[in-house]
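See below for the structure under consideration.
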Amino acid sequence: NLLDVAINNDLDLDGFGACEGTLACSTCHLVFKKEDFDNIEEMCTDEELDMLDLAYGLTDESRLGCQVC
Ligand code: FES
């Protein structure tokens, strides 16, 4: 998933993925471009939505990176 991509590429994302994909943080919040958002799989858990609500700068194209495959 995207979280692994970020980690494997040593991206300098400060604190990104703090909970290691267990939906316990919102540090992996990503904002997609509209066309990309339409291409990724839909959100499949309410937990993601709940956690996204806490994310800074929530948009209609927001997802939690660790939940996007
Ligand atoms: Fe914590 Fe995604 S890494 S919710």
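Just so you know, all these numbers are worked out from the coordinates, no wet-lab data involved. Bear in mind that the values here come from a model prediction, so they are computed numbers and not experimental data. Quick reminder, even Gly has a Cβ in these numbers, built from the backbone with ideal geometry, and neighbours come from all protein chains shown.
Can you work out which of the residues in segment 46-69 that are touching a helix residue (DSSP H, G or I) at 6+ places or on another chain (Cβ under 7 Å) and either surrounded by 15 or more Cβ atoms within 10 Å (Cβ to Cβ) or of a type in the set (S, T, N, Q) (or both) is farthest from Gly15 (Cα to Cα)?
If we take residues in segment 46-69 being touching a helix residue (DSSP H, G or I) at 6+ places or on another chain (Cβ under 7 Å) and either surrounded by 15 or more Cβ atoms within 10 Å (Cβ to Cβ) or of a type in the set (S, T, N, Q) (or both), then Glu61 is farthest from Gly15 (Cα to Cα).
Has segment 25-41 got at least one residue that is in contact with a Cys (Cβ under 9 Å, 6 or more places away or on another chain) and without any contact (Cβ under 8 Å) to a residue 24 or more places away in the chain?
yes
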